[in-house]
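Only one structure is covered here, and it is reproduced in the block below.
The values are calculated or read from the model by the stated rules, or taken from the named source; none is laboratory data. Since the structure is predicted, the reported quantities are computational estimates derived from the model, not experimental observations.
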Amino acid sequence: MLQKKTKYAIKALLALAKHYGEHRPLKISEISKNEKIPRKFLEAIMVDLKKIGYVESKMGAKGGYQLIKASGRSHAK
């Protein structure tokens, strides 16, 4: 069984994937409301996802989170 944090991280990534290519980041408040994820918990999850390179963030009124584009390079060695 997946931990709640993992389930929420997957839901957040799927929400970002639905908006991929729209050229606007999603605010935590949008993701939290639409995916029914507690905001404080989501904030911690997004920091973790940023650290491991899945998302990037932008500050300011038009800020938020979005998926990082794939580089096209293989990470396998």
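Points to keep in mind about this one:
- Search result, residues across segment 21-37 that are among the hydrophobic types (A, V, I, L, M, F, W, C) and assigned to a helix (DSSP H, G or I): Ile28, Ile31
- In segment 7-20 there is no residue that is over 9 Å from the mean Cα position of the chain (by Cα), basic (Lys, Arg), modelled with pLDDT of 90 or more and not in a helix (DSSP H, G or I).
- All positions within segment 22-60 that are among the acidic types (Asp, Glu) and under 21 Å from Gln3 (Cα atoms): Glu35, Glu43, Asp48
- Any hit, segment 51-69, residues being assigned to a helix (DSSP H, G or I) and at pLDDT 90 or above: yes
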